[in-house]
1. When a/c is below 1.5 the answer is rounded, else prolate if a/b is larger than b/c, else oblate, so apply that to the stretch 191-350 with a ≥ b ≥ c taken from the square roots of the Cα gyration tensor eigenvalues.
2. If R0 is 41 Å, what FRET efficiency do you get for residue 298 and residue 179 from their C-beta distance, rounded to 0.05?
3. Leaving ligands, DNA and RNA out of it, report the carbon-plus-sulfur percent of the accessible area of the chain at a 1.4 Å probe.
4. Name the chymotrypsin sites (Phe, Trp or Tyr not before Pro) in the stretch 260-327 that are in a loop by DSSP and that have at most 16 other C-beta atoms within 10 Å, would you?
5. With the cut-off at 1.5 for a/c, could you classify the chain from its C-alpha gyration tensor as rounded, prolate or oblate?
6. Restricting the count to DSSP beta bridges whose residues both fall in the stretch 257-396, what percent are antiparallel, rounded to a multiple of 5?
7. Just to confirm, what accessible area per residue do you get for the stretch 302-342 at 1.4 Å probe, in whole Å²?
8. Per residue, how much accessible surface does the stretch 186-288 expose to a 1.4 Å probe? Answer in Å², no decimals.
Amino acid sequence: MFKTLDDLISDRHGLAGKPVLVREDLNVPIHEGQVSDDTRLRSAMPTLAELADHGAKVLVLAHFGRPNGKVDPEFTLRPIAEALGEVMGRHVGFLASPDRHAIDVLEPGSITVLENSRYYPGEEKNDPVLTKQIASLGDFYVNDAFSAAHRAHVTTEGLAHLLPAFAGRAMEAELKALEAALGKPEHPVAAVVGGAKVSTKLDVLTHLVGKVDHLIIGGGMANTFLAARGVDVGKSLCEHDLADTANAILDAADKANCIVHLPYDVVVAKEFGANVPCHTANVHEVAADEMILDIGASAVEALSDVLKTCRTLVWNGPLGAFEYPPFDTATVALARTAAALTREGTLVSVAGGGDTVAALNHAGVADDFSFVSTAGGAFLEWMEGKVLPGVKALEA
Ligand code: ADP
Ligand code: MG
């Protein structure tokens, strides 16, 4: 268990006028000098506003890009502090070289972004001297950046050992959703794992077979499993060298009473692209010059029926080459089923992964899922069953 802002805000502490160090993820995409996607700024907002409204001097810690331990104006957080202020509709200050004196003169209830934590060579080394130095700036530490929690850096991990540590609201929501999906989920649990390659998700698959009741495999990685079972997948994306690994995963699933669902009909085409000629085929009828680019309608119907029997769903990876219609069909259809079941209240649905989030947005259902994680690497490591150092430090 970890402490939240509720614990920090309790009277006992008395936050008014106290400096609170808050780790956020402000690593936003910049296009022609402008923030092109402010999702991360929006998720930082509730924690920052809540602490400021309780009179804290809010000091925001974050990294931006990879300045590799050097001061590099290309990676300054100054413009992002400004963008954060615009999103929040209140003044957000900026400190290029924070020290205790500069912080003493800040107003209670103010929000101030401190310069890029990766300007310090000690940040990514979790250097104890730097940890002490930064810890001396604040009375409390709040970690609100789940997406950086798979790294043990000063601002994501080290500080939690020197200051009373709390999870911010975004971190709290993410941890609760992930706990409900794979920590202590309601069974039956289904996992959808799709995407391009088995090799990038070996640890995910291995971990999930011991955790879930149904493992639904789609996308390019389904081809590797089909091929391992002796199916000729033509010129589909397929990692033939992983046949033994795929079979070992299927055996492990069998032992763990996890039912693996592979497609039995697929959509095939001779080339890769949008709206190229294509047709549905049984997996045993893929021609030598064809590739599998989506799973078929019958498979989707069967999978929808599986989801209807489940209480929990965790999803990473699209079922087909969804960037090229009509190979988005299965992903969109199954995502809509999951969304409908979630709305009806029979399913807790959690999804994550860069392309998965894009696919759910494309299907127009991201808001209907119980939780959609934008955390990328940290989400995948969590799906692998790894303990994230930033989370562990909060629990200590
Ligand atoms: P995420 O980012 O959600 O973790 P991945 O990066 O693992 O997902 O996989 C997404 C990619 O997988 C997409 O670019 C998609 O086009 C590709 N993909 C899915 N199915 C196939 C397929 N049958 N053949 C080739 N590529 C596929
Ligand atoms: Mg991806």
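1. On the way: a/c = 1.95, a/b = 1.17, b/c = 1.66.
In terms of gyration-tensor shape, oblate.
2. On the way: r = 35 Å, r/R0 = 0.85.
According to the calculation, E is roughly 0.70.
3. Values: 8700 of 16910 Å².
Carbon and sulfur: 51 percent of the exposed surface of the chain.
4. On the way: sites: 264, 272, 315, 322, 327; in loops: 264, 272, 322, 327.
Listed in order of number, the matching sites are 264, 272.
5. On the way: a/c = 2.30, a/b = 2.07, b/c = 1.11.
In terms of gyration-tensor shape, prolate.
6. DSSP beta bridges in the stretch 257-396 are roughly 55 percent antiparallel.
7. Numbers: 1210 Å² over 41 residues.
Here the per-residue accessible area is 30 Å².
8. Each residue of the stretch 186-288 exposes 46 Å² on average to a 1.4 Å probe.
The values are calculated or read from the model by the stated rules, or taken from the named source; none is laboratory data. Everything numeric here is computed off the predicted structure, so don't read it as measured data. Glycine also receives a Cβ, built like all others from the backbone with ideal geometry; neighbour counts cover every protein chain displayed. Each accessible area value is taken on the protein alone, full model and side chains, heavy atoms only, with ligands, DNA and RNA left out. Shrake-Rupley method; radii C 1.70, N 1.55, O 1.52, S 1.80 Å.
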